[in-house]
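The values are calculated or read from the model by the stated rules, or taken from the named source; none is laboratory data. Since the model is a prediction, treat every value here as computed from it, not as a measurement. All Cβ positions, even for glycine, are placed from backbone atoms using ideal geometry, and neighbour counts span all protein chains on display. These accessible areas exclude ligands, DNA and RNA; they are computed on the full protein's heavy atoms, side chains included. Shrake-Rupley method; radii C 1.70, N 1.55, O 1.52, S 1.80 Å.
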Amino acid sequence: MAKILKKFAFLVAIVTALSSLLAGCSSDKSTSSTASTPKDKGVAMADYGVGKTFKASKPISFTTMYNDAAWYAYKKDWLLWNEITKRTNVTLKPTVVPMSDYAQKRSLLISSGDAPLIIPKTYPGQETPFVSSGAILPISDYVKYMPNFMDKVKKWKLQPELDNLKQADGKYYVLPGLHEEVWPDYTLAVRTDIFEKNNIAIPKTWDEFEAALKKLKEIYPDVTPFSDRWSTSGSVSPLGALLQYAAPTFGTVGGWGTSNYVTFDQDKNKFVFAGATKEYKEMLTYFNGLIKDGLLDKESLSQSDDQAIEKFVNGKSFVISTNSQEIVTMRNSMDKTLGAGKYSIAKIDVPGGPKGNVIAGTRLENGIMISAKAKDDPNFKALLQFIDWFWYSDEGEELAKWGVEGTTYKKENGKRVLMPDVNFLGLNPAGKKDLRVDYGFGTGSFAYGGTTDLLQSTMSEEEVKFQDSMHKDKEVLPVNPPYPMSATDQEQATLISTPLTDTVKQNTAKFILGTRSLSDWNAYVSELKAKGMDKYLDMVNKAYSDYQKKNK
């Protein structure tokens, strides 16, 4: 699970930035007036709407891809499948694909015309290769038939994020998972027992963090207090997680938080290349300083995750990047290495920086592509209603995540609680049956998005406290505006951006490690210019300007 979560965070970082490149027209022009009315043989509900359970007038079936993970391997007798049919009269016929082959198999099926109608577990940006062929549906033409989806977009003011999904034709081709709020997860984990023992306050800013590390180094001279992870496994960015959550506080982007190092300067009303800005330099200067002072382990930029974790769980370091699942895994390991009750660790709020107490992120998650064949299906309208109910209604989202009330969970004082014999990701560990493995609920193919209440319902009290603190004390930065490009310009921009981003990544590591002096910064910026940085920015800003003019 930990490795998948890392990949998830990395993919989210990639597609968040990529979606801006592929964005299209404004919300007022996103739905084509020429889109045909969905076909219906009388199976769809005439009075379907928010708050109503979708149920087809007679039994029907739809094909779907299923992303099969080893830790909740597909079972045809899962309660999930039976309950879907019981409530909706729809039988899902899955094409089961191993997670390791999912992206490749999905491409092959779509390209050959053999894809199922429903193609879940698709991150925004992954749909782009299939747009020009017409193999997938421009779903924005049909969202008016999906009341739950539209209701959440309106209530949660998600249109700016949706605008960033649009292609150059002004339409979007993927239905993303929708979250009510930005979901911060990655941050620093610290040995709180070590901090408390030595009267070191939990840092609130990066300056305080540096001061805390210096005190730790004085007390434990043989220990490098901060040894980090996520620079190699599943990552093409040095310190991928650390720079992702730190960069916004320095007024820039980095790590998993960007794919092309382009970000919008609100004051200048234009896009800039973050990798060449003074803010980016300031961030690298900070972490280089930690390296110089022996506070951050040099091996953080090259060691495997297992090596970084081994140092932390054995008391050879006191700080490491983490997320909600990884901290549970580390505790299990530390119970064995240090002994249960002989240590304490916790996620801390992301420290504030020169930009203040800010976080960046998107409220969109992986979602669904729909095969273009769906529009010719006689039950197309019923398909739209079913997807809307299962993936976007409160009832459908609760079913996908928690299962069946009275069987897998119950409600006590309005709170969802697992039944005594059911466990889920550390909740109710005494339960002998796994909510995912034995019932098919709570998996990555279907259970994502929803209200903050639903999101936090499976979190530990500790994680809910972290989430609440982050939302209380942090300002969420606005998403970048879209800058749609024509297919020709997009192709040219990609050819320029690839060597640019590679140069930034390589030099990010060098500057932090000190193998390249920060006094060489101007020469580095000149190298970026020689690789077409200015031309790339001109293309991006022209696309942005054209978009603004078209949508006044």
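Using a 7 Å offset from the Cα along the Cα-to-Cβ direction at both T53 and T337, what is the distance between the two label points in nm, to one decimal?
Spacing of the two 7 Å Cα→Cβ label points: 4.9 nm.
Cα extents of the chain along the three principal axes, largest first, in whole Å?
In descending order, the Cα extents are 75, 59, 38 Å.
Do you know the relative contact order of the chain, to the nearest whole percent, from alpha carbon pairs under 8 angstrom that are 6+ apart?
Taking the mean separation of contacting Cα pairs over the length of the chain, I get 24 percent.
Given the pairs K505/K529; K214/K278; K278/K529, which span a C-alpha to C-alpha distance of over 19 angstrom in this model?
The answer is K214/K278.
Counting Lys +1, Arg +1, Asp -1, Glu -1, what net charge surrounds A201 among other residues with beta carbon under 11 Å of its beta carbon?
Local charge sum for A201: 0.
Using a Förster distance of 35 angstrom, determine the FRET efficiency expected from the C-beta separation of N199 and K472, and round it to 0.05.
Calculated value: 0.85.
Assuming 0.890 mPa s and 25 °C, estimate D for the range 109-218 with Stokes-Einstein, Rh taken as the Kirkwood radius over Cα pairs, in µm²/s.
135 µm²/s
Which distance in Å, rounded to a whole number, links the C-alpha centroids of the range 260-318 and the range 370-432?
What the calculation gives is 39 Å, centre to centre.
Only four residue types carry charge here, +1 at the Cβ of Lys and Arg and -1 at the Cβ of Asp and Glu. Report the dipole size of the chain about the Cα centre in Debye, rounded to the nearest 20.
For this selection, approximately 700 debye.
Can you tell me the Rg and the Dmax, both Å, for the Cα atoms in the range 51-103?
Rg, Dmax (Cα atoms, Å): 12.9, 38.
Give the aspartates and glutamates whose C-alpha is closer than 14 Å to that of K270, dropping any in the same chain fewer than 8 places away, or say none.
Cross-link targets: D534, D538, D546.
Which angle from 0 to 90°, rounded to the nearest 10, does the C-alpha axis of helix 324-334 make with the longest principal axis of the chain?
The angle comes out near 50 degrees.
Collect residues whose amide H, placed 1.01 Å from N in the peptide plane, falls under 5 Å from the amide H of R516; neighbours closer than 5 in sequence don't count.
Sorted by chain and number, the residues that satisfy this are F511.
For L518 and K215 in one chain, what is 0.36 nm times their gap in residues minus the Cα-Cα distance, to one decimal in nm?
Separation in residues times 0.36 nm, less the Cα-Cα distance, equals 106.5 nm.
With everything on Cα atoms, drop me the angle between helix 206-219 and the longest principal axis of the chain, reported from 0 to 90° to the nearest 10.
That works out to roughly 50 degrees.
Dimensions of the range 316-469 along principal axes (Cα, Å, largest first)?
Principal-axis extents of the Cα atoms in the range 316-469, largest first: 63, 47, 30 Å.
Run the numbers on the range 398-468 and let me know its relative contact order in percent, using alpha-carbon pairs under 8 Å that are six or more apart.
Computed over the range 398-468, the figure is 27 percent.
Considering the Cα trace of the range 86-136, what is its radius of gyration and what is Dmax, both in angstroms?
12.4, 38
Rounded to the nearest 0.05, what FRET efficiency do V358 and T91 give with R0 = 45 Å and r taken as the Cβ-Cβ distance? Could you check?
With a Förster radius of 45 Å, E is 0.45.
Can you check what the net charge comes to around A447, using other residues whose Cβ is under 10 Å from the Cβ of A447 (Lys, Arg +1; Asp, Glu -1)?
Its environment carries a net charge of 0.
Based on the inverse mean of 1/r over its pairs of different Cα atoms, what is the Kirkwood hydrodynamic radius of the range 472-547, in Å?
So the Kirkwood estimate lands at 14.5 Å.
Can you give the percent of C-alpha pairs in the range 293-343 whose distance is more than 13 Å?
Here the long-distance tail beyond 13 Å is 59 percent of all Cα pairs in the range 293-343.
Output the 0 to 90 degree angle, nearest 10, between the alpha-carbon long axis of helix 487-513 and the longest principal axis computed from the alpha carbons of the chain.
Its long axis makes an angle of about 30 degrees.
At q = 0.13, 0.14 Å⁻¹, what is the base-10 log of I(q)/I(0) for the range 378-525 according to the Debye formula with one equal point scatterer per Cα and no solvent? Please give it to two decimals.
Cα-only, vacuum Debye calculation for the range 378-525: -0.87, -0.90.
With a 1.4 Å probe and all protein chains kept in place, how much accessible area does S132 have, in Å² rounded to the nearest 10?
About 120 Å², rounded to the nearest 10.
If I model a spin label as a point 7 Å beyond the Cα along the Cα-Cβ vector, how far apart are those points for D293 and S526 in nm?
Inter-label distance under the simple model: 3.2 nm.
If you take the Cα atoms of the range 343-401, find Rg, then find the Kirkwood Rh from the mean of 1/r over all pairs, what is Rg/Rh?
On the way: Rg = 20.2 Å, Rh = 15.9 Å.
Here Rg/Rh amounts to 1.28.
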